[in-house]
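The values are calculated or read from the model by the stated rules, or taken from the named source; none is laboratory data. Owing to the predicted nature of the structure, the values given are computational and were not obtained by experimental measurement. Positions of Cβ are generated from backbone atoms using ideal geometry, with glycine treated the same way; all protein chains shown enter the neighbour counts.
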Amino acid sequence: MARILVTGAAGFLGSHLCERLLSRNDAVVALDNLDPFYDTQRKRENLAILRSAGGSRFSFVEADIRDGRACREALRGVDAVVHLAALAGVRPSIADPVRYMDVNVTGTQVLLQQIDSDSVPFVFGSSSSVYGASAESPFAEDGVTDHPLSPYAASKRAGEMLCLAWRHLRGNPVACLRFFTVYGPRQRPEMAIHRFAHCIAHGTPLPFFGDGSSRRDYTYVDDIVDGIVRAMNRVRGFSVYNLGGSSTTSLQQLVEVLEERLGRRAVLRRLPDQPGDVPLTCADTSRAMRELGWRCKTSLREGIDTFCSWFEQREAAEVSA
């Protein structure tokens with residue numbers, strides 16, 4: 001039985017990862033500060049799921065990754081670290097860039113500094129946003145990453161560089177995983193698919209940026225979790241991997257898929273393109289396939305169907321509460 005520290009464990013992706021680790025009989029130390037970026041009750045619900053699934057194999061530490069003492073205590077006896085804690089979102093980072101750098105960059109360095117064993121693998125949750133708008137499609141890991149379009153993207157690229165320097169100085173195996181637009185049950189409420197579903201279901205105007213031609217590589221959460229686990233188990237040296245669906249969907253197509261699944265038409269509130277947004281994301285996943293044996297298995301329609309089933313159940317529960 002391995003003992004794994006997961007930061008950001010109460011959030012969307014972190015809670016799904018912890019569930020997977022507990023299901024394979026690992027012990028999980030979950031570190032999260034329950035930041036009120038969105039309703040913390042949702043995070044507490046995620047923690048309740050994990051406590052029920054893990055029993056004594058699950059422990060929760062409420063702390064900030066910038067707190068060196070708390071990180072050091074949480075790291076005692078762990079066999080691997082998966083670092084997912086971060087302030088997320090391109091648009092909010094433009095409004096508050098200093099805080100994003102403090103949490104995402106300083107926090108990552110503080111956490112790395114507390115690891116006292118050179119045998120502990122470190123998996124860093126990065127983002128497709130590091131490619132900006134200048135990388136050639138599909139985006140390869142050795143492509144251009146020096147033109148970030150937002151403080152969030154810059155903070156994630158800086159985190160990767162900190163991991164590289166730490167690997168050079170300490171020798172620990174490190175994997176940086178660039179996630180491409182993750183979605184699924186328990187997704188944060190401000191993220192596009194969740195927000196769009198809510199607008200469509202309630203008949204409220206849906207914020208529709210640009211002409212609908214921007215394209216994203218949407219990746220179902222279970223596939224991302226599989227990639228994280230594979231990286232954690234197989235990482236050697238320092239490696240960067242794209243985890244994405246390797247296919248793109250336009251904003252217009254995404255809305256149409258949600259309309260079809262929810263059985264209602266969207267009311268579009270057309271808005272100009274947003275600063276910091278990129279017109280395209282598309283992952284080249286050949287390295288992850290070759291070195292991790294990973295591939296995305298869930299089609300967008302399959303993933304949207306599962307997400308909408310969860311969304312409808314949650315909506316019904318809130319109505320009856």
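None of Gly89, Gly54, Gly11 is small (Gly, Ala, Ser) and out of contact with any Asp or Glu (no Cβ under 8 Å at 6 or more places or on another chain) except Gly54. Here Gly14 fulfils each of the conditions (1) without any contact (Cβ under 8 Å) to a residue 60 or more places away in the chain; (2) buried (at least 16 other Cβ atoms within 10 Å of the Cβ) apart from (1). Checked across segment 302-321, the condition of being part of a loop (DSSP other than H, G, I, E, B) and not charged (D, E, K, R) holds for at least one residue.
Inside segment 143-174, can you point out the residues that are closer than 16 Å to Ser239 by Cβ, without any contact (Cβ under 8 Å) to a residue 40 or more places away in the chain and touching a Gly at 6+ places or on another chain (Cβ under 8 Å)? Within segment 143-174, just Thr145 meets the criteria. Name every residue in segment 191-210 that is in a loop (DSSP other than H, G, I, E, B) and either aliphatic (A, V, I, L, M) or at pLDDT below 95 (or both), in order of residue number. Listed by number, the residues that qualify are Met191, Gly210.
Checked against the criteria, Val278 does not count as modelled with pLDDT under 95, surrounded by 15 or more Cβ atoms within 10 Å (Cβ to Cβ), out of contact with any Ser or Thr (no Cβ under 8 Å at 6 or more places or on another chain) and within 30 Å of Asp142 (Cβ to Cβ). Counting only residues that are surrounded by fewer than 21 Cβ atoms within 10 Å (Cβ to Cβ), in a loop (DSSP other than H, G, I, E, B) and not acidic (Asp, Glu), segment 211-238 holds 5 of them. Which members of segment 225-264 meet the condition of being hydroxyl-bearing (Ser, Thr, Tyr) and within 28 Å of Asp79 (Cβ to Cβ)? If the condition is that a residue be hydroxyl-bearing (Ser, Thr, Tyr) and within 28 Å of Asp79 (Cβ to Cβ), then Ser239, Tyr241 are the ones that fit. Scan segment 239-275 for residues that are part of a helix (DSSP H, G or I) and touching a residue at least 40 places away in the same chain (Cβ under 8 Å) and the total you get is 9. Of the strands (runs of 3 or more DSSP E) entirely within segment 56-164, those holding at least 2 residues that are over 18 Å from the mean Cα position of the chain (by Cα), surrounded by fewer than 19 Cβ atoms within 10 Å (Cβ to Cβ) and at pLDDT 95 or above occupy 58-62.
Could you pull out the residue among Arg188, Arg216 that is closer than 30 Å to Arg3 by Cβ and in contact (Cβ under 8 Å) with a residue 40 or more places away in the chain? Working first, answer last.
Working: Arg216 fails: closer than 30 Å to Arg3 by Cβ.
Result: Arg188 is the single residue among Arg188, Arg216 that is closer than 30 Å to Arg3 by Cβ and in contact (Cβ under 8 Å) with a residue 40 or more places away in the chain.
Among the conditions (1) more than 23 Å from Phe12 (Cα to Cα); (2) touching a His at 6+ places or on another chain (Cβ under 7 Å); (3) of a type in the set (Ser, Thr, Tyr), the only one that Ser137 does not satisfy is (2).
Residues of segment 126-141 that are without any contact (Cβ under 8 Å) to a residue 60 or more places away in the chain and among the acidic types (Asp, Glu): Glu136 alone.
Has segment 78-87 got any residue that is free of Cβ contacts under 8 Å to residues at least 24 places away in the same chain, closer than 13 Å to Tyr152 by Cα and not charged (D, E, K, R)? No: zero hits.
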